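The values are calculated or read from the model by the stated rules, or taken from the named source; none is laboratory data. As the structure is a prediction and not an experimental result, all values here were calculated from the model. Counting neighbours? That spans all protein chains shown, and the Cβs are built from the backbone with ideal geometry, glycine included.
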Amino acid sequence: MDRMTPVEPKQIRQRLPVLPLLVLATLGFVSESPAAPAVHAVGAIGMTVSDMDRALAFYTQVLPFELVTDVKVSGRDYGRLNDLPFGNRRGNDTTPRLRVARLRLGEEFVLLIDYLEPEGRPLPVDARSNDRWFQHLALIVSDMDRAYEQLRAHGVQHVSSGPQTLPDWNTNVAGIRAFDCRDPDGHNLEILWFPPGKGDPRWQRRGDALFLGIDHTAIVVSDTEASLRFYSEMLGLEVKGKSENYGIEQERLNSVFGARLRITSLRAAAGPGIEFLQYLAPPGGRPLPEDARTNDLVHWQTTLLVDDAAAVEQRLRAAGAHFVSPGTVSTPDAELGFTRSFLVRDPDGHALHVVEHAPQGAAAR
């Protein structure tokens with residue numbers, strides 16, 4: 001089977017099991033308000049890129065991200081963490097090598113990860129916003145018209161036909177303006193403007209800056225309840241908002257005809273939110289390819305900061321979560337801001353990088 005062949009929903013459910021609520025309760029993982037949430041912050045949102053210099057030019061020149069660090073790391077521990085083979089396509093022995101750049105926008109961080117060896121594959125050319133590997137980064141702006149003109153001037157690839165204003169009948173999101181586009185590798189970015197009374201109050205402090213920060217990362221899910229069991233009941237994130245979006249504005253925003261979405265927003269005590277996008281219509285969103293790897297451009301990862309990685313690993317293993325890493329991996333130094341961490345997938349295959357005791361302001365933040 002070609003490594004990009006998608007699997008059927010039944011197959012991916014077998015690979016990424018989530019136990020029923022009754023079983024989770026029996027194991028002690030269900031709590032309306034966890035006394036000690038496993039996750040105390042959502043950290044950097046990471047994505048695999050094919051050309052670091054090109055990606056940095058886009059994020060620091062077209063967009064105003066600040067480059068914080070740009071380092072190269074190598075070693076088999078990074079291969080174990082990311083489940084990468086210790087060999088290249090020619091069968092020769094090689095050590096995984098990564099170039100990782102940490103960037104800041106406002107108070108939030110992004111990680112750009114370039115796998116120098118072994119290299120991965122590009123995004124599927126027919127990727128759609130309702131595919132279940134979809135993830136995007138939501139950037140807040142103080143002026144949508146100015147932001148849109150700036151992006152157009154740089155020839156940024158559109159997803160939306162143009163900025164969309166969400167309708168007044170949808171009370172929870174009424175008046176929000178949004179525009180979706182892509183970076184040079186095809187990763188989706190959502191540009192958002194919040195009217196007074198919507199969003200985090202800090203997004204109303206306009207000032208002189210055009211791009212203000214990162215509000216959330218959004219992921220397509222197949223079953224909101226299953227995702228809530230994973231993120232809320234097991235990891236301790238709290239639901240902060242819900243809406244159901246449909247209509248011509250939503251279709252134009254996502255470029256998905258007949259789009260009807262159930263949207264659920266969650267947050268930890270700190271960091272950007274995680275937003276579920278469940279497409280109630282249309283059907284046909286494809287699951288993550290069963291052979292997807294961290295060095296493929298389809299890969300995103302969201303950092304979760306925890307006090308005890310091994311304890312969280314044990315909790316997730318008991319619930320049957322699908323691990324990328326063999327377990328909690330100790331990396332030889334703290335160049336990337338952590339020494340103990342692991343990668344795990346949620347019920348739909350979205351990757352989470354669970355990091356123990358990352359220092360303030362470090363890469364995992």
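Couple of notes before you dig in:
- Enumeration of residues in segment 110-128 that are closer than 22 Å to SER160 by Cβ and buried (at least 21 other Cβ atoms within 10 Å of the Cβ): VAL110
- For segment 262-287, the set of residues classified as among the polar types (S, T, N, Q) and either touching a Cys at 6+ places or on another chain (Cβ under 8 Å) or more than 13 Å from PHE134 (Cβ to Cβ) (or both) consists of THR264, SER265, listed by residue number.
- Residue, farthest from PHE257 (Cα to Cα), within segment 279-295, restricted to residues that are surrounded by fewer than 22 Cβ atoms within 10 Å (Cβ to Cβ) and in contact with a helix residue (DSSP H, G or I) (Cβ under 8 Å, 6 or more places away or on another chain): ARG293
- Among residues of segment 213-232, those that are farther than 13 Å from ASP346 by Cα and charged (D, E, K, R), counted: 1
- Selection within segment 43-79 - of a type outside the set (A, V, I, L, M, F, W, C), surrounded by fewer than 18 Cβ atoms within 10 Å (Cβ to Cβ) and within 21 Å of the chain's Cα centre (by Cα): ASP51, ARG54, THR60, PRO64, GLU66, THR69, ASP70
- Selection within segment 323-344: residues that are modelled with pLDDT of 95 or more and either within 14 Å of the chain's Cα centre (by Cα) or among the basic types (Lys, Arg) (or both). The member of this set that is surrounded by the fewest Cβ atoms within 10 Å (Cβ to Cβ) is LEU343.
- Residue match in segment 312-320 (condition: among the hydrophobic types (A, V, I, L, M, F, W, C), surrounded by fewer than 21 Cβ atoms within 10 Å (Cβ to Cβ) and part of a loop (DSSP other than H, G, I, E, B)): yes
- Taken over segment 245-266, the criterion of being in contact with a helix residue (DSSP H, G or I) (Cβ under 8 Å, 6 or more places away or on another chain) and assigned to a strand (DSSP E or B) is satisfied by ARG260, LEU261, ARG262, THR264, LEU266.
- Close pairs (8 angstrom Cβ cut-off, 6 or more residues apart or separate chains): more than 19 Å from THR294 (Cα to Cα) in segment 88-107, among the charged types (D, E, K, R) and modelled with pLDDT of 90 or more anywhere: LEU103/GLU66; ARG104/GLU66; LEU105/GLU66
- Inside segment 283-319, residues that are among the small types (Gly, Ala, Ser) and touching a Leu at 6+ places or on another chain (Cβ under 6 Å) make up a count of 2.
- So GLY162, is it over 23 Å from the mean Cα position of the chain (by Cα), in contact (Cβ under 8 Å) with a residue 12 or more places away in the chain and surrounded by 14 or more Cβ atoms within 10 Å (Cβ to Cβ): no
- Per the conditions (1) within 18 Å of the chain's Cα centre (by Cα); (2) part of a strand (DSSP E or B); (3) aliphatic (A, V, I, L, M), the sole criterion not satisfied by ALA269 is (2).
- Test: residue in segment 215-222 that is touching a Gly at 6+ places or on another chain (Cβ under 7 Å), under 27 Å from LEU105 (Cα atoms), in contact (Cβ under 8 Å) with a residue 40 or more places away in the chain and polar (S, T, N, Q): no
- Residue count for segment 146-174 satisfying the condition of being in contact with a Ser or Thr (Cβ under 7 Å, 6 or more places away or on another chain) and farther than 22 Å from TYR59 by Cα: 3.
- Answer residue from segment 345-365, given it is modelled with pLDDT of 95 or more and in contact with a helix residue (DSSP H, G or I) (Cβ under 6 Å, 6 or more places away or on another chain) and is farthest from GLY43 (Cα to Cα) among those: PRO347
- Filter pass, LEU151 being in the same structural domain as MET52 (by TED's automatic domain parsing), of a type in the set (A, V, I, L, M) and either surrounded by 15 or more Cβ atoms within 10 Å (Cβ to Cβ) or in contact with a strand residue (DSSP E or B) (Cβ under 8 Å, 6 or more places away or on another chain) (or both): no
- Within segment 201-232, tally of residues that are hydrophobic (A, V, I, L, M, F, W, C), assigned to a helix (DSSP H, G or I) and within 21 Å of VAL39 (Cα to Cα): 3
- Counted residues, segment 164-182 - those being under 21 Å from ASN130 (Cβ atoms), assigned to a loop (DSSP other than H, G, I, E, B) and either at pLDDT 95 or above or aromatic (Phe, Trp, Tyr) (or both): 3
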